[in-house]
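Report on one structure; see the data block that follows.
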Amino acid sequence: MRPLDLDYMLGLVPVILGYVPLTLFMAAVAMVCALVLASLLAVERVIRVPGLDWLVMLFISFFRGTPLLVQLFLFYYGLPQVLSFLAQINGVTAAIMGLTLHFSAYMAEAIRAAITGVDRSQWEAAQSIGMTQGQMMRRIVLPQAGRIAAPTLVNYFIDMIKGTSLAFTLGVTEMMGATQKEASGSFLYFEAFLVVAILYWIIVETLNQGQKRLEIYLNKAYAR
Amino acid sequence: MILVRGLTKRFGQTTVLDGIDLEIADGERVVVIGPSGTGKSTLLRCLNFLDRPDAGTISVGDVTVDAARATRRQILALRRATSFVFQNYALFANKTAKQNIMEALVTVRGRPSEEAARQALDVLAETGLADKADSYPAALSGGQQQRVGIGRAMAIGADLMLFDEPTSALDPEWVGEVLDLMRRVAEQRQTMLIVTHEMQFAREIADRVLFMDGGRIVEAGPPRDVLDAPRDERLKRFLRRVT
């Protein structure tokens, strides 16, 4: 076994760190979009709009039933061949779109379960004062469902951050793409991928700390 | 003036409300009594469309709804003309006591939020909970939660306040404070329809007592008639059991 080239690893850290913002940007934008989309999908699944229900189920089924990598290739390499207005789509946009659609399908199921977990009396109280269905969902049900779903949603966010590494297959130079380039220059694959693995790990662990704080914040209203 | 005609509700094969006719004058306080499972709560829930009646008409103030043809807009109008106090309080768990009261004023009635906040604090003061304005429901006792629940229903200024067994879920120690608050609401000549098992309370505040059995109003009249000189056999049996 050869010794690790520690100097090379230390030198690589700032290089890869330079791509952390792009990784986080893709994950954050996709997360926000996925949350909005998943909430809409989940609300539809709960109230079951006639004529829309089967479409939503099909959407969820497809994006949960096929690999993220396949979806990304479909969007980036495939779709522009059929839809010409997508010809100019860049890798970052395609990755964000793919992550959004893929994770919104998973998150919709988590949010749907959380919505049904909100006590029935909360719905009735909202109805009793004359709220519209939309007001009830936005102001009473979804905030409470959000608290129930928060741990699961943070998990998906973590998955999403790691999922951004697939963007390198669309030619995006993010953390993984940058590492790949560095490694193929130095041939020190083990060192390079070890560094990027540790950096992902640190990001995820930081988020886990954030999750604990988020839960304390969300539980504020429910403390006895 | 509240006018109910032929209100009918079925759950599957069971007829829970069997063509209820009911008139309530403005400022009248009506108490509904009867064995459990006879449709008392369903009557209240149908008046608020929490349960959708199968037939009948409901008029509250200037809102008239035909159950069989009720539109979404009519249902909202009816709900805004009535307010509901729940057995299990049903305070919004994600809102403070003050926000619970403001919610109906701001979101539903479109009042400016400073004005609504002032009104909410006034109502909380009236319910004796001024110091709990920023507490969340989970931090309040059952009695306090129900007083906020009544405050929320008061603030709306509804034509008709519906109380669905408001003290049944409470520990005995909190029942008194909730009944006291309801007495104060009654003194303001608020139109009230109350389902309760508190016979002494009914005697004190009711202008009229309705006895329901089998989805119908079997006997109705002032408390001294219905409670002290019952005619119907079922009512006699019921009163012997509860008093």
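Any read-out appearing in this document is the output of simple, stated calculations on the displayed coordinates, not a laboratory observation. Everything quoted here is computed from the prediction, not taken from an experiment. Cβ coordinates were reconstructed from backbone atoms using ideal geometry, including for glycine residues, and neighbour counts include every protein chain displayed.
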Based on the alpha-carbon gyration tensor of the stretch A:21-85 and its eigenvalue square roots a ≥ b ≥ c, which shape applies: rounded if a/c is under 1.5, prolate if not and a/b is larger than b/c, or oblate? oblate
Take B:C46, A:C33 and order them by how many other Cβ atoms sit within 10 Å, fewest up front. A:C33, B:C46
At a threshold of 8 angstrom on Cα-Cα distance, excluding pairs fewer than six apart, so keeping six or more, what relative contact order does the stretch B:2-242 reach in percent? 26 percent
So what's the net charge close to B:R10: Lys and Arg +1, Asp and Glu -1, counting the other residues with Cβ under 13 Å from its Cβ? -1
Alpha-carbon centroids, the stretch B:1-37 and the stretch B:174-200: separation in whole Å: 19 Å
Counting only other chains, what is the mean number of Cβ atoms within 10 angstrom of the Cβ of each residue in peptide A:128-141? 6
Give me the net charge for the shell around A:K162: Cβ to Cβ below 15 angstrom, other residues only, Lys and Arg +1, Asp and Glu -1. -3
Summed residue charge, Cβ within 13 Å of A:I203's Cβ, Lys/Arg positive, Asp/Glu negative: -2
According to the square roots a ≥ b ≥ c of the eigenvalues of the Cα gyration tensor, what is the shape class of chain A, taking rounded for a/c under 1.5, prolate for a/b larger than b/c otherwise, and oblate for the remainder? oblate
Over what distance in Å are the Cα centres of the stretch A:1-32 and the stretch A:82-136 separated? 31 Å
Rel. contact order, % - alpha carbon contacts under 8 angstrom, at least six apart, chain A: 28 percent
Compute the angle between helix A:142-163 and the longest alpha-carbon principal axis of chain A, please, reported from 0 to 90 degrees and rounded to the nearest 10. 20 degrees
Pick from B:A81, B:A97, B:A125: which residue has the top mean-square fluctuation in a GNM of chain B where Cα pairs under 10 Å get a spring? B:A125
Across the residues of B:147-156, average count of Cβ atoms on other protein chains within 10 Å? 1
13 Å Cα-Cα reach of B:K98 towards aspartates and glutamates, excluding residues that sit fewer than 8 places from it in its own chain: B:E114, B:E115, B:D122, B:E126, B:D131, B:D134
Quick one: of A:K162/A:K212; A:K220/B:K132; B:K40/B:K95; B:K40/B:K132; B:K9/B:K236, which pairs are farther than 22 Å apart, Cα to Cα? B:K40/B:K95; B:K40/B:K132; B:K9/B:K236
Return the long-range amide H neighbours of B:A55 (sequence gap of 5 or more, or a different chain), with a cut-off of under 5 Å between placed amide H atoms. B:T8
Which order do A:W54, B:W174 fall in if you start with the one that has the fewest other Cβ atoms within 10 Å? A:W54, B:W174
DSSP bridge pairs, the stretch B:2-242: antiparallel proportion in percent, nearest 5: 60 percent
Order by neighbour count: B:I194, A:I216, A:I148, fewest other Cβ atoms within 10 Å first, most last. A:I216, A:I148, B:I194
Evaluate the charge dipole of the stretch A:21-172 about its Cα centre and quote only its size in Debye, nearest 20, assuming +1 on the Cβ of each Lys and Arg and -1 on the Cβ of each Asp and Glu. 140 debye
Give me a single rounded figure for B:78-85: the average over its residues of other chain Cβ atoms within 10 Å of their Cβ. 3
When a/c is below 1.5 the answer is rounded, else prolate if a/b is larger than b/c, else oblate, so apply that to the protein assembly as shown with a ≥ b ≥ c taken from the square roots of the Cα gyration tensor eigenvalues. prolate
Check which residues have an amide H placed less than 5 Å from B:E219's amide H, if you skip close sequence neighbours. B:F211
Length gained if A:Y8 through A:F190 is fully extended, taking 0.36 nm per residue and subtracting the Cα-Cα distance, is 64.4 nm
Could you compute the FRET efficiency for B:A169 and B:E233, with r as their C-beta to C-beta distance and R0 at 41 Å, rounded to 0.05? 0.85
Counting other Cβ atoms within 10 Å of each Cβ, which trypsin sites (Lys or Arg not before Pro) in the stretch A:94-142 have at most 14 and sit in a DSSP loop? none
